[in-house]
Amino acid sequence: MLSEEERERYARSLSILGEEGQQALRRGRVLVIGAGGVGSAALLYLAAAGVGTIAVADGDRVERSNLQRQIIHTADRLGENKARSAARAMAARNPGVQIRVIPEYVSSQTLPALARRYDFVIDGADGLETKLMISDSCVAAGVPFCHCGTQGLRFQVMTCLPGRSPCVRCAFGHPAGSVSGSTLGPACGCAGSVAAAEAIKYLTGRGELLTGRLFTADLMTMESRMVPLRRDPGCPACGASGQQ
Ligand SMILES: [Zn+2]
């Protein structure tokens, strides 16, 4: 049952998700890795949507140069740990959700066990190596996740259901292509918003996920593409010889 307050707060979602969907969101647990540009948008929308448990992991501190795109942080929180800063913004947005602060970087040693405590993971981290590590860890843990990348005004997003759809290594493992670097805020916002939508769809069982395909768009030209992806049978992470 939703409370009167929840009915009012989520009035505009209820006609789409139904009470059942809203309750599924409340039961949902999502881990967002990185409270940077992509994580900012994803975290704010997840909190606003009423995802019951949201964890944010980031070992970095808020710098002035982050504020151009990392909209969850504010000028009065310079120097603060990003996960803590993000948690404050989410709590202000929606006091009804539980927020877990992980004020450190995740690694291949810590992430598989951490990811297993959540239903869905969003990769809002920087750098292809880190993104491959997140993909490998989520595949090893068997936890669905959404991969995001931005560069300039371009962004790309895909979702992986481990063992059922291509992982990031299948898509980019060989050869590697960088998906990070200088970027403008709106591209991060788009990627983070798409990732939040993927999490909401996964938790409520609605719509079609970005599995087996990579969504890319360029805000400079406004061209978008849906690139089909296939599982690589030789993928060291999710292939026949890897962990299913
Ligand atoms: Zn793979």
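Extension gain for Glu20 to Arg117 (0.36 nm times residue separation, less C-alpha to C-alpha distance): 32.7 nm.
Among Asp136, Asp123, which comes first, second and so on when ranked by fewest other beta-carbon atoms within 10 Å?
On the way: Asp136 23, Asp123 29.
Placing the least packed residue first, the sequence is Asp136, Asp123.
Here the Karplus relation 6.51 cos²θ - 1.76 cosθ + 1.60, evaluated at θ = phi - 60°, turns the backbone of segment 204-210 into coupling constants of 9, x, 10, x, 10, 6, 7 Hz, with x for every Gly and Pro.
Taken one residue at a time, the phi angles of segment 222-236 give Karplus couplings (6.51, -1.76, 1.60, θ = phi - 60°) of 6, 9, 10, 9, 10, 9, x, 10, 10, 5, 8, x, x, 4, x Hz. Gly and Pro are set to x.
If r is the Cβ-Cβ distance from Leu78 to Thr110 and R0 is 35 Å, what FRET efficiency results, to the nearest 0.05?
Values: r = 27 Å, r/R0 = 0.78.
With a Förster radius of 35 Å, E is 0.80.
Sorted fewest first by neighbouring Cβ atoms within 10 angstrom, Val227, Val157 come out as Val227, Val157. Close amide H contacts of Tyr105 (hydrogens built in the peptide plane, cut-off under 5 Å, sequence separation of 5 or more or a different chain): Gly59.
Put simply, the amide H of Gly152, placed in the peptide plane, has neighbours under 5 Å in Ser182, Thr183, Leu184, leaving out anything fewer than 5 places away on its chain. Only Cα sites of segment 1-156 enter the Debye sum here, all with the same form factor; the resulting log10 I(q)/I(0) across q = 0.14, 0.19, 0.21 1/Å is -0.69, -1.17, -1.32, listed in q order.
Taken together, the values in this text are just the output of simple stated rules run on the coordinates, not laboratory data. Computed from a predicted structure; not experimentally measured. No Cβ is skipped: glycine too gets one built from the backbone with ideal geometry, and neighbour counts run over all protein chains shown.
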